[in-house]
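**Student:** Take this structure, written in C-alpha coordinates, and hold onto it; I'll ask about it next.
The values are calculated or read from the model by the stated rules, or taken from the named source; none is laboratory data. Remember, predicted model here, so these are calculated numbers, not experimental data. For neighbour counting, all protein chains shown are included, and Cβ atoms are generated from backbone atoms with ideal geometry for every residue, glycine included. We work out accessible area using only protein heavy atoms, side chains counted, and drop any ligands, DNA or RNA first. Shrake-Rupley method; radii C 1.70, N 1.55, O 1.52, S 1.80 Å.
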Amino acid sequence: MKILTCTTPGQLEYGIAETPQLKPGYSLLKIKRIGICGTDLHAFEGTQPFFSYPRILGHELAAELVEAGDAEGFQKGEAVTFIPYFNCGHCIACRSGKANCCVNIQVCGVHTDGGMAEYLQVPSHLLVHGEGLSFDELALVEPLAIGAHGVRRADVKADEFVLVIGAGPIGLGIMEFARIAGAKVIAADVNEQRLNFCRENLKVDYTINVKNEDVTERLKEITNSDMPTVIIDATGNQKAINGAFLYLAHGGRYVLVGLQRDEIIVSHPEFHKRESTLMSSRNATREDFEHVIGSMKSGLVNPQTYITHRVTFDEVKDQFESWLNPANGVIKAIVEV
(Lines give C-alpha, C1' and ligand atoms only; values in the text may rest on other atoms or scores of the structure.)
Protein backbone atom coordinates (compact mmCIF):
# COMPACT_ATOMS: atom_id res chain seq x y z
CA MET A 1 0.00 0.00 0.00
CA LYS A 2 1.05 3.61 -0.53
CA ILE A 3 1.95 5.69 2.52
CA LEU A 4 3.05 9.27 3.20
CA THR A 5 5.58 9.79 6.00
CA CYS A 6 6.77 12.94 7.75
CA THR A 7 10.43 11.95 7.91
CA THR A 8 11.77 15.12 9.56
CA PRO A 9 10.32 18.59 10.19
CA GLY A 10 9.42 20.11 6.85
CA GLN A 11 9.81 16.88 4.89
CA LEU A 12 7.14 14.49 3.59
CA GLU A 13 7.97 11.37 1.55
CA TYR A 14 5.77 8.86 -0.24
CA GLY A 15 6.61 5.20 0.18
CA ILE A 16 5.30 1.65 -0.07
CA ALA A 17 4.48 -0.54 2.92
CA GLU A 18 2.89 -3.92 3.50
CA THR A 19 -0.86 -3.93 4.05
CA PRO A 20 -1.34 -4.53 7.81
CA GLN A 21 -1.75 -8.13 8.92
CA LEU A 22 -4.73 -8.08 11.24
CA LYS A 23 -3.94 -8.61 14.94
CA PRO A 24 -6.48 -10.09 17.40
CA GLY A 25 -8.83 -7.44 18.72
CA TYR A 26 -8.18 -5.12 15.77
CA SER A 27 -10.17 -4.19 12.67
CA LEU A 28 -8.87 -3.25 9.24
CA LEU A 29 -9.96 0.02 7.66
CA LYS A 30 -9.70 1.21 4.07
CA ILE A 31 -9.07 4.94 4.46
CA LYS A 32 -11.42 7.18 2.46
CA ARG A 33 -10.87 10.67 3.92
CA ILE A 34 -8.15 12.31 6.00
CA GLY A 35 -8.67 15.64 7.70
CA ILE A 36 -5.58 17.79 8.18
CA CYS A 37 -5.42 19.23 11.68
CA GLY A 38 -3.23 21.54 13.72
CA THR A 39 -1.35 18.57 15.16
CA ASP A 40 -0.33 17.49 11.65
CA LEU A 41 0.73 21.01 10.73
CA HIS A 42 2.68 21.49 13.96
CA ALA A 43 4.38 18.13 13.47
CA PHE A 44 5.42 19.24 9.99
CA GLU A 45 6.74 22.49 11.49
CA GLY A 46 8.58 20.65 14.26
CA THR A 47 6.63 22.34 17.08
CA GLN A 48 4.42 19.46 18.28
CA PRO A 49 5.58 18.57 21.82
CA PHE A 50 4.49 14.91 21.86
CA PHE A 51 5.91 14.00 18.45
CA SER A 52 8.83 11.91 17.16
CA TYR A 53 10.06 11.25 13.60
CA PRO A 54 9.62 9.52 11.23
CA ARG A 55 5.85 9.27 11.50
CA ILE A 56 2.86 8.65 9.24
CA LEU A 57 0.47 11.51 10.08
CA GLY A 58 -3.31 11.48 10.12
CA HIS A 59 -5.93 10.81 12.79
CA GLU A 60 -9.05 12.65 11.53
CA LEU A 61 -10.23 9.72 9.48
CA ALA A 62 -13.22 8.26 7.70
CA ALA A 63 -13.03 4.74 6.37
CA GLU A 64 -14.71 1.65 5.04
CA LEU A 65 -14.58 -1.31 7.40
CA VAL A 66 -12.78 -4.09 5.55
CA GLU A 67 -12.28 -6.66 8.32
CA ALA A 68 -14.31 -6.42 11.53
CA GLY A 69 -12.09 -8.35 13.91
CA ASP A 70 -13.96 -8.85 17.20
CA ALA A 71 -15.99 -5.71 16.43
CA GLU A 72 -19.39 -6.63 17.81
CA GLY A 73 -22.28 -4.95 16.00
CA PHE A 74 -20.16 -3.79 13.05
CA GLN A 75 -20.47 -5.08 9.50
CA LYS A 76 -17.90 -5.32 6.71
CA GLY A 77 -18.35 -2.54 4.20
CA GLU A 78 -19.94 0.00 6.53
CA ALA A 79 -18.68 3.56 6.81
CA VAL A 80 -16.97 4.24 10.13
CA THR A 81 -14.69 6.53 12.01
CA PHE A 82 -12.83 5.69 15.20
CA ILE A 83 -11.50 7.18 18.41
CA PRO A 84 -7.78 7.65 17.63
CA TYR A 85 -6.55 7.64 21.23
CA PHE A 86 -5.23 4.16 21.93
CA ASN A 87 -5.51 3.68 25.69
CA CYS A 88 -4.09 0.98 27.96
CA GLY A 89 -7.32 0.18 29.80
CA HIS A 90 -5.75 -0.31 33.23
CA CYS A 91 -4.13 2.96 34.42
CA ILE A 92 -5.81 5.34 36.89
CA ALA A 93 -7.27 7.47 34.08
CA CYS A 94 -8.72 4.48 32.22
CA ARG A 95 -10.13 3.00 35.43
CA SER A 96 -11.94 6.27 36.12
CA GLY A 97 -13.45 6.52 32.63
CA LYS A 98 -10.93 9.06 31.33
CA ALA A 99 -9.34 7.06 28.54
CA ASN A 100 -8.75 10.33 26.67
CA CYS A 101 -5.92 11.15 29.11
CA CYS A 102 -4.62 7.61 29.64
CA VAL A 103 -1.21 7.55 31.33
CA ASN A 104 0.12 5.34 28.52
CA ILE A 105 -1.86 6.89 25.66
CA GLN A 106 -0.77 6.33 22.09
CA VAL A 107 -2.44 8.84 19.78
CA CYS A 108 -2.77 7.59 16.22
CA GLY A 109 -0.67 9.74 13.90
CA VAL A 110 1.34 11.18 16.81
CA HIS A 111 2.77 8.38 18.96
CA THR A 112 1.97 5.63 16.43
CA ASP A 113 1.67 5.72 12.66
CA GLY A 114 -1.59 7.20 11.43
CA GLY A 115 -3.92 7.19 8.48
CA MET A 116 -1.99 8.75 5.59
CA ALA A 117 -2.08 5.32 4.03
CA GLU A 118 -4.47 3.16 2.07
CA TYR A 119 -5.17 0.85 5.01
CA LEU A 120 -4.94 1.09 8.79
CA GLN A 121 -5.70 -1.35 11.58
CA VAL A 122 -7.20 0.00 14.78
CA PRO A 123 -8.43 -1.51 18.06
CA SER A 124 -11.95 -2.76 17.43
CA HIS A 125 -13.33 -1.31 20.66
CA LEU A 126 -12.55 2.19 19.37
CA LEU A 127 -14.68 1.93 16.21
CA VAL A 128 -17.56 4.39 15.84
CA HIS A 129 -20.59 3.72 13.60
CA GLY A 130 -21.03 6.15 10.69
CA GLU A 131 -24.77 6.56 11.45
CA GLY A 132 -25.49 7.40 7.81
CA LEU A 133 -23.03 10.31 7.65
CA SER A 134 -20.87 10.84 4.56
CA PHE A 135 -17.12 10.18 4.55
CA ASP A 136 -16.53 13.95 4.53
CA GLU A 137 -18.69 14.36 7.62
CA LEU A 138 -17.11 11.43 9.44
CA ALA A 139 -13.63 12.87 8.91
CA LEU A 140 -14.73 15.94 10.86
CA VAL A 141 -16.16 14.11 13.87
CA GLU A 142 -12.86 13.86 15.77
CA PRO A 143 -11.83 17.54 15.61
CA LEU A 144 -15.35 18.62 16.52
CA ALA A 145 -15.30 16.15 19.42
CA ILE A 146 -12.21 17.92 20.78
CA GLY A 147 -14.26 21.12 20.90
CA ALA A 148 -17.26 19.37 22.42
CA HIS A 149 -15.03 17.90 25.13
CA GLY A 150 -13.57 21.31 25.99
CA VAL A 151 -17.06 22.75 26.36
CA ARG A 152 -18.08 19.83 28.56
CA ARG A 153 -14.96 20.31 30.70
CA ALA A 154 -15.96 23.96 31.16
CA ASP A 155 -19.49 22.91 32.17
CA VAL A 156 -20.90 25.69 30.02
CA LYS A 157 -24.37 26.90 31.04
CA ALA A 158 -27.08 28.67 29.09
CA ASP A 159 -26.62 32.45 28.79
CA GLU A 160 -23.02 32.43 30.03
CA PHE A 161 -20.52 34.58 28.20
CA VAL A 162 -17.91 32.20 26.76
CA LEU A 163 -14.75 33.68 25.24
CA VAL A 164 -13.10 31.37 22.71
CA ILE A 165 -9.61 32.50 21.80
CA GLY A 166 -8.45 31.16 18.45
CA ALA A 167 -10.73 30.72 15.45
CA GLY A 168 -8.97 27.78 13.86
CA PRO A 169 -10.81 24.49 13.28
CA ILE A 170 -10.70 23.44 16.94
CA GLY A 171 -11.76 26.88 18.14
CA LEU A 172 -14.65 26.90 15.68
CA GLY A 173 -15.83 23.56 17.02
CA ILE A 174 -15.66 24.92 20.57
CA MET A 175 -17.80 27.87 19.48
CA GLU A 176 -20.35 25.54 17.89
CA PHE A 177 -20.78 23.41 20.99
CA ALA A 178 -20.76 26.39 23.36
CA ARG A 179 -23.60 27.79 21.22
CA ILE A 180 -25.43 24.45 21.35
CA ALA A 181 -25.08 24.58 25.15
CA GLY A 182 -26.85 27.95 25.07
CA ALA A 183 -23.89 30.23 25.71
CA LYS A 184 -23.32 33.73 24.36
CA VAL A 185 -20.14 33.17 22.39
CA ILE A 186 -17.33 35.69 21.93
CA ALA A 187 -14.74 34.79 19.29
CA ALA A 188 -11.27 36.35 19.50
CA ASP A 189 -8.55 36.05 16.87
CA VAL A 190 -5.96 38.12 15.00
CA ASN A 191 -7.25 37.02 11.60
CA GLU A 192 -10.20 39.06 10.31
CA GLN A 193 -10.95 36.46 7.65
CA ARG A 194 -11.46 33.84 10.37
CA LEU A 195 -13.64 36.23 12.38
CA ASN A 196 -15.77 36.85 9.28
CA PHE A 197 -16.19 33.08 9.02
CA CYS A 198 -17.41 33.03 12.64
CA ARG A 199 -19.96 35.75 11.98
CA GLU A 200 -21.23 34.48 8.64
CA ASN A 201 -21.17 30.71 9.08
CA LEU A 202 -21.42 30.08 12.81
CA LYS A 203 -23.58 33.09 13.73
CA VAL A 204 -21.27 33.88 16.65
CA ASP A 205 -22.71 36.60 18.88
CA TYR A 206 -19.58 38.74 19.22
CA THR A 207 -16.13 38.90 17.63
CA ILE A 208 -12.95 40.68 18.73
CA ASN A 209 -9.92 41.29 16.53
CA VAL A 210 -7.10 41.07 19.08
CA LYS A 211 -4.73 42.87 16.74
CA ASN A 212 -6.92 45.94 16.25
CA GLU A 213 -9.09 46.23 19.35
CA ASP A 214 -8.64 46.73 23.10
CA VAL A 215 -9.69 43.28 24.24
CA THR A 216 -10.35 44.19 27.88
CA GLU A 217 -12.52 47.16 26.97
CA ARG A 218 -14.48 45.19 24.39
CA LEU A 219 -15.10 42.39 26.88
CA LYS A 220 -16.31 44.89 29.48
CA GLU A 221 -18.63 46.40 26.88
CA ILE A 222 -20.01 43.01 25.82
CA THR A 223 -20.46 41.59 29.34
CA ASN A 224 -21.57 44.78 31.12
CA SER A 225 -18.18 44.78 32.92
CA ASP A 226 -18.66 41.27 34.34
CA MET A 227 -16.09 39.68 31.96
CA PRO A 228 -16.52 36.14 30.58
CA THR A 229 -17.27 33.42 33.10
CA VAL A 230 -15.67 30.87 30.77
CA ILE A 231 -12.55 31.28 28.64
CA ILE A 232 -11.40 28.48 26.36
CA ASP A 233 -8.04 28.80 24.61
CA ALA A 234 -7.64 27.14 21.22
CA THR A 235 -4.49 28.97 20.10
CA GLY A 236 -1.65 27.01 21.66
CA ASN A 237 0.14 30.37 21.79
CA GLN A 238 2.02 31.16 25.00
CA LYS A 239 1.37 34.91 24.89
CA ALA A 240 -2.35 34.40 24.25
CA ILE A 241 -2.65 31.77 26.99
CA ASN A 242 -0.84 33.85 29.61
CA GLY A 243 -2.64 37.08 28.72
CA ALA A 244 -6.13 35.61 28.90
CA PHE A 245 -6.00 35.11 32.67
CA LEU A 246 -6.72 38.83 32.97
CA TYR A 247 -9.91 38.53 30.91
CA LEU A 248 -11.56 36.04 33.28
CA ALA A 249 -14.55 36.92 35.44
CA HIS A 250 -14.29 36.45 39.18
CA GLY A 251 -15.33 32.89 39.90
CA GLY A 252 -14.67 31.94 36.28
CA ARG A 253 -13.28 28.83 34.58
CA TYR A 254 -10.36 28.80 32.15
CA VAL A 255 -9.91 25.74 29.94
CA LEU A 256 -6.79 25.12 27.85
CA VAL A 257 -7.52 23.11 24.73
CA GLY A 258 -4.58 24.58 22.80
CA LEU A 259 -1.14 23.20 23.64
CA GLN A 260 2.28 24.84 23.59
CA ARG A 261 5.75 23.80 24.73
CA ASP A 262 6.57 26.44 27.34
CA GLU A 263 5.50 27.54 30.81
CA ILE A 264 2.18 29.02 31.83
CA ILE A 265 2.98 32.32 33.55
CA VAL A 266 0.30 34.02 35.61
CA SER A 267 0.15 36.62 38.36
CA HIS A 268 -0.79 34.58 41.40
CA PRO A 269 -2.68 37.48 43.06
CA GLU A 270 -4.75 38.07 39.90
CA PHE A 271 -5.55 34.37 39.63
CA HIS A 272 -6.17 33.94 43.35
CA LYS A 273 -8.46 36.91 43.89
CA ARG A 274 -10.82 35.59 41.22
CA GLU A 275 -11.00 32.14 42.85
CA SER A 276 -10.36 30.96 39.30
CA THR A 277 -10.50 27.40 38.04
CA LEU A 278 -7.83 26.35 35.52
CA MET A 279 -8.29 23.14 33.53
CA SER A 280 -6.70 21.39 30.61
CA SER A 281 -8.79 19.51 28.05
CA ARG A 282 -7.17 16.63 26.21
CA ASN A 283 -8.60 14.70 23.29
CA ALA A 284 -12.22 13.50 23.63
CA THR A 285 -14.32 10.58 24.82
CA ARG A 286 -16.88 8.34 23.15
CA GLU A 287 -19.57 10.50 24.76
CA ASP A 288 -18.18 13.51 22.89
CA PHE A 289 -18.03 11.60 19.58
CA GLU A 290 -21.66 10.58 20.01
CA HIS A 291 -22.66 14.16 20.87
CA VAL A 292 -20.99 15.41 17.68
CA ILE A 293 -22.59 12.76 15.48
CA GLY A 294 -26.00 13.44 17.02
CA SER A 295 -25.55 17.19 16.48
CA MET A 296 -24.62 16.60 12.84
CA LYS A 297 -27.62 14.33 12.24
CA SER A 298 -30.02 16.82 13.83
CA GLY A 299 -28.66 19.73 11.79
CA LEU A 300 -27.20 21.65 14.73
CA VAL A 301 -23.76 21.44 13.09
CA ASN A 302 -23.05 21.59 9.36
CA PRO A 303 -19.61 19.99 8.95
CA GLN A 304 -19.40 20.81 5.24
CA THR A 305 -19.03 24.46 6.24
CA TYR A 306 -15.51 23.78 7.47
CA ILE A 307 -14.07 22.20 4.31
CA THR A 308 -12.21 24.88 2.37
CA HIS A 309 -9.53 22.82 0.59
CA ARG A 310 -9.65 19.37 -0.98
CA VAL A 311 -6.85 17.31 -2.54
CA THR A 312 -6.14 13.75 -3.58
CA PHE A 313 -3.65 11.60 -1.69
CA ASP A 314 -1.08 12.05 -4.45
CA GLU A 315 -1.28 15.85 -4.12
CA VAL A 316 -0.70 16.09 -0.36
CA LYS A 317 3.09 16.38 -0.43
CA ASP A 318 3.03 19.34 -2.81
CA GLN A 319 0.15 21.14 -1.10
CA PHE A 320 0.87 20.53 2.58
CA GLU A 321 3.23 23.42 3.30
CA SER A 322 0.81 25.91 1.73
CA TRP A 323 -1.77 25.07 4.41
CA LEU A 324 0.51 26.68 7.00
CA ASN A 325 0.09 30.09 5.36
CA PRO A 326 -2.84 32.04 6.89
CA ALA A 327 -3.19 33.96 3.63
CA ASN A 328 -4.50 30.80 1.96
CA GLY A 329 -7.59 30.84 4.17
CA VAL A 330 -7.50 27.19 5.18
CA ILE A 331 -10.15 26.15 7.67
CA LYS A 332 -10.09 22.42 6.95
CA ALA A 333 -8.19 20.60 4.23
CA ILE A 334 -9.56 17.16 3.32
CA VAL A 335 -7.58 14.44 1.58
CA GLU A 336 -9.45 11.96 -0.60
CA VAL A 337 -7.87 8.50 -0.76
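**Student:** Could you grab the pairs with beta carbons closer than 7 Å, sequence gap of 6+ or different chains, first residue in segment 315-327 and on the phi < 0 side of the Ramachandran plot, second one open to solvent by 80 Å² or more (accessible area, probe 1.4 Å) and not polar (S, T, N, Q)?
**Tutor:** L324/E45
**Student:** Still on this structure: Can you find, within segment 188-218, the residue that is least open to solvent (accessible area, probe 1.4 Å) among those that are closer than 18 Å to N328 by Cβ and of a type in the set (A, V, I, L, M)?
**Tutor:** Selected residue: L195.
**Student:** May I ask you to list pairs of residues, at least six apart or on different chains, whose Cβ atoms are under 6 Å apart, with the first in segment 253-279 being open to solvent by less than 50 Å² (accessible area, probe 1.4 Å) and the second being of a type in the set (S, T, Y)?
**Tutor:** If the second residue must be of a type in the set (S, T, Y), the pairs left are R253/T277; V255/S281; L256/S280; V257/S281; G258/T235.
**Student:** While we're here: Checking the condition within 26 Å of G236 (Cα to Cα) and of a type outside the set (S, T, Y), which residue from P24, P9, P20 passes?
**Tutor:** None of the others qualify; the one that does is P9.
**Student:** Right, another one. Might you let me know whether segment 238-250 holds any residue that is among the polar types (S, T, N, Q), in contact (Cβ under 8 Å) with a residue 60 or more places away in the chain and surrounded by 13 or more Cβ atoms within 10 Å (Cβ to Cβ)?
**Tutor:** no
**Student:** Checking the condition within 21 Å of I36 (Cβ to Cβ) and either hydrophobic (A, V, I, L, M, F, W, C) or open to solvent by 50 Å² or more (accessible area, probe 1.4 Å) (or both), which residue from V185, V151, V110 passes?
**Tutor:** Every option except V110 fails the conditions.
**Student:** In segment 89-103, is there at least one residue being of a type outside the set (K, R), free of Cβ contacts under 8 Å to residues at least 40 places away in the same chain and touching a Phe, Trp or Tyr at 6+ places or on another chain (Cβ under 8 Å)?
**Tutor:** yes
**Student:** Could you check R33 against (1) within 17 Å of L140 (Cα to Cα); (2) of a type in the set (K, R); (3) touching a Cys at 6+ places or on another chain (Cβ under 6 Å) and say which number it fails?
**Tutor:** Unmet for R33, out of (1) within 17 Å of L140 (Cα to Cα); (2) of a type in the set (K, R); (3) touching a Cys at 6+ places or on another chain (Cβ under 6 Å): (3).
**Student:** Hey, another quick one. Kindly establish whether S295 is among the hydroxyl-bearing types (S, T, Y) and either surrounded by 15 or more Cβ atoms within 10 Å (Cβ to Cβ) or on the phi > 0 side of the Ramachandran plot (or both).
**Tutor:** yes
Conditions (1) surrounded by fewer than 19 Cβ atoms within 10 Å (Cβ to Cβ); (2) assigned to a strand (DSSP E or B); (3) of a type in the set (A, V, I, L, M, F, W, C), marked per residue:
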| position | (1), (2), (3) |
| --- | --- |
| C6 | no, yes, yes |
| G15 | yes, yes, no |
| E18 | yes, no, no |
| Q21 | yes, no, no |
| P24 | yes, no, no |
| S27 | no, yes, no |
| R33 | no, yes, no |
| T39 | no, no, no |
| F50 | yes, no, yes |
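**Student:** Name every residue in segment 150-208 that is among the small types (G, A, S) and more than 13 Å from I222 (Cα to Cα), in order of residue number.
**Tutor:** Those that are among the small types (G, A, S) and more than 13 Å from I222 (Cα to Cα): G150, A154, A158, G166, A167, G168, G171, G173, A178, A181, G182, A183.
**Student:** Scan segment 163-173 and tell me whether some residue there is over 22 Å from the mean Cα position of the chain (by Cα), of a type outside the set (G, A, S) and open to solvent by 40 Å² or more (accessible area, probe 1.4 Å).
**Tutor:** no
**Student:** Look through segment 49-107, keep the residues that are in contact with a strand residue (DSSP E or B) (Cβ under 7 Å, 6 or more places away or on another chain) and among the β-branched types (V, I, T), and return whichever of them is nearest to T7 (Cα to Cα).
**Tutor:** I56
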